[in-house]
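Participant: First, the structure itself, so that you have it in front of you.
Just so you know, all these numbers are worked out from the coordinates, no wet-lab data involved. This is a predicted model, so every value here is computed, not measured. As a convention, Cβ positions derive from the backbone with ideal geometry for all residues, glycine included, and neighbour counts pool all protein chains shown.
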Amino acid sequence: MQIKKWLNLKMIKNFIHCLIFSMICLLPVSSFAKTVMILGDSLSAGYGLNPQQGWVALLQHRLDQQFPKQHKVVNASASGETTSGALARLPKLLQTYKPDVVVIELGGNDGLRGQPPQMIQKNLAQLIQQSQKTKAKVVLLGMKIPPNYGTAYSKAFENNYQVLSQQYKVKLHPFFMNGIAGNKNLMQKDLIHPNAAAQKLLLDNAYPLIRGAL
C-alpha cells in the first residue's frame, strides 16, 4: 500500500509539472519580449530616408533574424532633437513603452548650437538616471563635432560621454558615426546626414552594445 501510494503521488507530481510546462509553452511569445527604445535625433530618426532604410529598422530586422519574436524596437527619435527636448519627453516614453534597454543617441544638435558642455552633460546624466530608475539598461552612443567652436569646446563635448559612461556604468560607443563621418559616399547631399548605404555601418557600431544589454 505504501509503495502504491508513493507511486500515485509521484504520478500526480509529474502530471502537475507537465501541466505547468505546457502552460508556459502556450504563453504568447510577446510575454517574454524585451523592448529596446532608441532615443535619438535625426541620425536615428532616419532623416531623408524611407522608414525601412534607417538603422533602427535594420536593428529590428536583425533581432528578428537572430532572436525570432523575442525583442521589440521602439524608435522614439526625432529629427532636430536636443538633450533638453528628449528630457521633456522621456517620462511619458518610459511610462508608455516600459523599455528594458534605452539607447541614447543625443548631444549632436546641442553641440552644433554651441550649448555649454556642462549643460549637455547634465541633461544626458538625467536621461540616464531616469532610465535606470525604471531598471532599464542604458547604452550611450557618443558623438563628435567639427572644431567650429575651438579645440577646447570639442574636447569638452566629447569628454562628456566618457565621464557619463564611467559615472553611471553604462556601455558607450565613443563615436557613433565612426567609419562614416567624412566619407562623401556615405553621406546625403547635405554632408550632415548618413545615406542609406551608411545605415548598416551605424547598426554595426551600435549592435554589439545593444545585444550585450539584452
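Participant: Rounded to whole Hz and in sequence order, give me ³J(HN,Hα) for the stretch 47-63 from the Karplus expression 6.51 cos²θ - 1.76 cosθ + 1.60, θ = phi - 60°, writing x for Gly and Pro.
Facilitator: The phi angles translate into 4, x, 10, 5, x, 7, 8, x, 5, 5, 5, 5, 4, 4, 4, 5, 5 Hz.
Participant: Using R₀ = 41 Å, calculate the FRET efficiency as 1/(1 + (r/R₀)^6) where r is the Cβ-Cβ separation of Q70 and A196; round to 0.05.
Facilitator: Here the calculated transfer efficiency is 0.95.
Participant: Here is a further query. On a full-extension model of 0.36 nm per residue, what is the gain between K34 and S79, subtracting their alpha-carbon distance, rounded to one decimal in nm?
Facilitator: 13.7 nm
Participant: Using amide H atoms built 1.01 Å from N in the peptide plane, name the residues 5+ places from G40, or on other chains, whose amide H lies under 5 Å from its own.
Facilitator: A76, S77, A78, E105
Participant: Starting from the amide H of V139, placed 1.01 Å from N in the peptide plane, find each other amide H under 5 Å away whose residue is 5 or more places distant or on another chain.
Facilitator: Those qualifying (amide H under 5 Å, at least 5 residues apart or on another chain) are V102, V103, I104.
Participant: Expected output is a single nm value to one decimal: the length gained when fully extending between N159 and Y97, i.e. 0.36 nm times separation in residues minus the C-alpha distance. What is it?
Facilitator: Once the chain is fully extended between N159 and Y97, it gains 19.3 nm.
Participant: Given contacts defined as C-alpha pairs under 8 Å and at least six residues apart, what's the relative contact order of the chain, whole-number percent?
Facilitator: Over the chain, the number comes to 20 percent.
Participant: Right, something else. Taking a ≥ b ≥ c as the square roots of the Cα gyration tensor eigenvalues, with a/c under 1.5 meaning rounded and otherwise prolate when a/b beats b/c, else oblate, which class fits the chain?
Facilitator: In terms of gyration-tensor shape, prolate.
Participant: In degrees from 0 to 90, rounded to the nearest 10, what is the angle of the helix 83-97 Cα long axis to the longest principal axis of the chain?
Facilitator: Helix 83-97 sits roughly 10 degrees off the main axis of the chain.
Participant: Mind checking the angle between helix 151-168 and the chain's longest principal axis? C-alpha axes, 0 to 90 degrees, to the nearest 10.
Facilitator: For helix 151-168, the angle is close to 10 degrees.
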